[in-house]
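Read-outs: derived from the displayed coordinates by stated rules, not from any lab. Model, not experiment: these values are computed from the prediction. FYI the Cβ positions are ideal-geometry reconstructions off the backbone, even for glycines, and counts take in every protein chain you see.
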Amino acid sequence: MKEYNKKALLALEDGRTFACRSFTGEGEAFGEIVFNTSMTGYQEVITDPSYSGQMVTMTYPLIGNYGVNHEDIESAGIKVSAFIIKEYQDIPSNFRSEGNLRDYLLNENVLGVEDVDTRAVTRHIRDTGAMRAYISTFDTDPSSLVKKAKNIPSMVGLDLVKRVATDKPYFWSEGKVLPCGQKAEKLDNSVWGNKDGKYCVLAFDFGIKYSILRCLEDAGFKILVVPASTEAAVVKAISPDGIFLSNGPGDPEPVTYAIDTIRSLLEYKPIFGICLGHQLLGLALGGKTHKLKFGHRGANQPVKNLLTGKVEITSQNHGFVVDIESLNSNDVEPTHINLNDNTLEGFRHKKLPLYAVQYHPEASPGPHDSRYLFNEFTKLIKNA
């Protein structure tokens with residue numbers, strides 16, 4: 001029988017170390033260490049492409065208690081570099097469970113560690129900021145691991161979209177990926193076939209979550225997902241009714257090819273952006289972005305809708321944000337604000353049919369306060 005319980009050490013680039021144990025056996029992992037405050041939804045968290053290049057610490061202590069299943073995935077595989085928890089539960093209890101978390105991580109060679117003082121890790125990140133970190137069961141020398149952590153490439157200036165975005169276009173229909181059979185650059189408006197009276201949306205994949213596609217489909221759209229590098233001329237040849245800009249990982253500024261394409265499409269068709277899509281649209285409009293100290297990651301972030309005055313509890317996962325002042329023009333107005341730190345959570349254009357939000361209205365995990373935004377996209381396209 002394989003021995004899974006292995007002593008390990010977590011080392012941060014500033015020299016702080018935490019003793020832990022791997023519940024997935026021997027291994028090493030590295031990346032930016034962040035924390036998530038969601039009480040449920042760990043399977044959605046670890047399969048969210050926006051976490052590419054990051055090791056996620058869950059603040060809720062008991063993880064694994066309801067197992068895993070094929071319905072709750074947010075992408076084709078696990079995207080976190082490592083999963084850091086307080087206590088792993090090996091025997092799940094849930095009628096939807098199809099297996100345990102350990103086997104799920106093992107199948108994709110992702111390290112999982114427990115017996116970590118996750119409260120101390122979280123407070124340290126809040127005080128000093130998200131930073132590079134290294135975990136190992138082989139090398140448990142603190143000075144050696146700290147040195148390795150310092151050698152990890154910084155997330156600032158790194159294009160992580162290329163790691164997670166699709167390289168082939170596909171349709172999303174009835175909750176499934178349906179290949180197109182063609183390269184994006186060879187597509188035209190015949191790709192839509194029989195539209196069945198539906199609006200056709202072209203979705204840029206910067207690291208898109210399946211739940212976003214589910215919500216777009218529920219809103220009545222026919223959806224074609226294309227690679228992040230798809231050029232504006234190709235989009236116009238495909239001739240969609242609307243354009244969606246997805247979530248994704250890392251720093252938006254290095255994703256220059258997408259920013260240039262979006263800028264060329266601003267006056268073409270209605271645009272809706274989420275998360276990284278929000279940041280890329282902001283940059284295309286002439287705004288600027290910066291890295292937050294420790295980011296917003298959890299299912300309990302309060303956001304005020306400035307148009308209605310209502311407060312929405314939102315699900316979020318991002319480390320960068322659009323500077324409000326950089327979008328201070330007569331044509332762009334803020335629509336949503338984070339009540340914890342007053343950072344920008346949404347904006348719209350006064351003349352052009354486009355808007356975006358920084359948080360995740362599809363949730364998964366999280367509340368459904370913001371699901372209305374997908375229906376707003378329908379109205380935007382209809383009015384345009």
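Descriptive notes on the structure:
- Between Thr140 and Ala233, the contour length at 0.36 nm per residue exceeds the Cα-Cα span by 28.2 nm.
- Count Lys and Arg as plus one, Asp and Glu as minus one, and take only other residues whose Cβ is under 13 Å from that of Asp260; the net charge is then -1.
- Spin-label model, Lys310 to Leu352: label points 7 Å out along the Cα-to-beta-carbon direction sit 2.8 nm apart.
- Shape class for the range 291-351, computed from the alpha carbon gyration tensor (a ≥ b ≥ c): oblate, with a/c not under 1.5 and a/b at or below b/c.
- Listed peptides 178-189, 54-65 appear in the order 54-65, 178-189 once ranked by packing, highest mean of other Cβ atoms within 10 Å at the front.
- With Cα atoms, 0 to 90° folded angle of helix 256-265 axis to the chain main axis: 20 degrees
- Tilt relative to the chain, helix 118-128 - C-alpha long axis, 0 to 90 degrees, to 10: 60 degrees
- Think of the range 6-150 as a dipole: +1 on every Lys or Arg Cβ, -1 on every Asp or Glu Cβ, centred on the Cα centre; then among Ala19, Gly41, Tyr66, Ala19 lies furthest on the positive end.
- Computed from Cα atoms, the angle from the helix 372-383 axis to the main principal axis of the chain rounds to 20 degrees.
- Formal net charge of residues neighbouring Asp341 (Cβ-Cβ distance under 14 Å; K, R +1; D, E -1): +3
- Contact order normalised by residue count of the range 161-383, Cα under 8 Å, 6+ apart, percent: 18 percent
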